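Enquirer: Sharing a structure, written as structure tokens. Questions coming.
Derivation of every value follows stated rules applied to the coordinates shown; laboratory data play no part. Model, not experiment: these values are computed from the prediction. Cβ: placed from backbone, ideal geometry, glycine included. Neighbour counts: every protein chain shown.
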């Protein structure tokens with residue numbers, strides 16, 4: 001009976017958390033489409049999430065493309081098909097690695113900061129102060145981050161893809177003397193609109209997921225199991241948010257691929 005009671009307790013906790021997060025998302029989306037629309041906070045968050053993540057996206061994208069070019073060349077050389085190297089690199093980046101790795105990098109850099117920022121505001125009762133002043137904390141704090149995530153993630157993913165393709169070009173063409181014409185022709189003949197659409201949909205979903213999960217974790221810091229107050233509570237909640245957001249990106253990557261293929 002103790003096991004059944006423990007199982008029931010964890011199930012109820014999971015349902016309560018899922019319902020709380022679901023309501024948080026619905027209220028955030030409603031606040032996002034409800035006027036007035038404030039552009040300046042959104043631009044500030046686009047700079048924080050997008051522009052400040054540019055270096056890590058460029059660095060990761062370049063070396064991801066170089067690794068794909070290296071591994072792809074040795075794999076395709078066994079079958080005498082090195083002319084398809086450009087298509088293999090481009091498809092791998094556009095459909096899968098670009099959106100996923102870009103999202104994981106942004107979660108590690110910006111998602112953790114969003115969770116810590118909102119969590120510290122909850123910890124120091126700044127969110128309660130906003131509510132006392134009749135300021136909706138979701139409209140004031142969360143909506144600009146959510147809109148910025150939806151705008152910045154597709155752009156960062158596109159940059160990641162382009163830099164990755166260039167990295168594959170450097171390895172395949174400059175290092176292994178693959179014909180530049182065959183590299184780009186293979187990419188041109190392999191990539192279709194469905195591939196680009198899949199990468200775009202994934203980047204939009206991942207942008208929503210990372211802001212939603214990280215902001216909600218910080219917003220409900222005081223309801224975290226084991227107590228969320230204090231520096232230890234903020235650090236524990238931020239770690240949990242990064243892990244949950246990263247796992248959610250991988251799960252939704254599979255689900256979107258299964259739906260759109």
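Enquirer: Would you mind pulling out the separation of the Cα centroids of the range 1-59 and the range 111-134, in Å?
Expert: What the calculation gives is 14 Å, centre to centre.
Enquirer: Turning to a different aspect of this structure: What fraction, in whole percent, of alpha-carbon pairs in the range 143-206 exceed 18 Å separation?
Expert: Taking all Cα-Cα pairs of the range 143-206, the fraction more than 18 Å apart is 49 percent.
Enquirer: Separate question: Using Cβ counts within 10 Å as a stand-in for footprinting exposure, how do 11, 157, 237 rank, fewest first?
Expert: In increasing order of surrounding Cβ atoms, one gets 11, 237, 157.
Enquirer: Also: If contacts are Cα pairs under 8 angstrom and at least 6 residues apart, what is the relative contact order of the chain in percent?
Expert: Numbers: 325 pairs, mean separation 81.4, N = 261.
Value for the chain: 31 percent.
Enquirer: Could you line up 256, 57 from fewest to most neighbouring Cβ atoms inside 10 Å? Numbers along the way, then the final one.
Expert: Working: 256 18, 57 23.
Ascending Cβ contact count within 10 Å gives the list 256, 57.
Enquirer: Hey, could you pull the Cα Rg and Dmax for the range 89-128, both in Å?
Expert: Taking only Cα atoms of the range 89-128, I get Rg and Dmax of 15.8, 50 Å.
Enquirer: Quick check of the Kirkwood formula: for the range 165-261, what is the inverse mean of 1/r over all pairs of different Cα atoms, in Å?
Expert: Radius from the Kirkwood sum: 16.7 Å.
Enquirer: Could you give log10 I(q)/I(0) at q = 0.07, 0.09, 0.12 Å⁻¹ for the chain, computed by the Debye formula over C-alpha point scatterers of equal weight, without solvent?
Expert: -0.31, -0.49, -0.77
Enquirer: Would you mind computing Rg(Cα) / (2.2 N^0.38 Å) for the range 1-109, counting N as its residues?
Expert: In units of the 2.2 N^0.38 Å rule of thumb, it is 1.71.
Enquirer: Using the Cα atoms as the points, what is the convex hull volume per residue of the range 51-137 in Å³?
Expert: Spread over its residues, the Cα hull of the range 51-137 gives 103 Å³ apiece.
Enquirer: Counting just the Cα atoms, what span does the range 1-63 cover along each of its three principal axes? Round to the nearest Å and put the largest first.
Expert: Projected onto the principal axes, the Cα atoms of the range 1-63 cover 54, 42, 12 Å.
Enquirer: Roughly how tilted is helix 180-190, in degrees to the nearest 10 and between 0 and 90, from the longest Cα axis of the chain?
Expert: Between helix and principal axis, roughly 60 degrees.
Enquirer: Now, a different point. Determine, from the Cβ-Cβ distance of residue 247 and residue 179 and an R0 of 51 Å, the FRET efficiency 1/(1 + (r/R0)^6), rounded to the nearest 0.05.
Expert: It comes to 0.80.
Enquirer: Show that you can apply the helix-only estimate: for the chain, add -39,500 (n - 2.57) for every DSSP H stretch of four or more residues, divide by all residues, and state [θ] at 222 nm to the nearest 500.
Expert: -25500 deg cm²/dmol
Enquirer: Could you tell me the relative contact order of the range 166-252? Use alpha-carbon pairs under 8 Å, at least six residues apart, and round to a whole percent.
Expert: Relative contact order comes out at 23 percent.
Enquirer: Oh, and also: At 7 Å along Cα-to-Cβ for each site, give me the label-to-label distance between residue 166 and residue 52 in nm.
Expert: 2.4 nm
Enquirer: Please state, as a whole number in µm²/s, the translational diffusion coefficient that the Stokes-Einstein equation yields for the range 77-203 at 20 °C and 1.002 mPa s, with Rh defined as the Kirkwood radius across alpha carbon pairs.
Expert: Taking Rh from Cα pairs, D becomes 125 µm²/s.
Enquirer: Would you please put 66-73, 200-207 in order of how densely packed they are, using the mean number of other Cβ atoms within 10 angstrom per residue and starting with the highest?
Expert: Packing order, densest peptide first, comes out as 200-207, 66-73.
Enquirer: Report the semi-axes of the equivalent ellipsoid for the range 201-257 in whole Å, largest first, where each axis is √(5λ) for an eigenvalue λ of the Cα gyration tensor. Can you show the working numbers first?
Expert: Working: eigenvalues 131, 19, 11 Å².
Working from the Cα gyration tensor, I get semi-axes of 26, 10, 8 Å.
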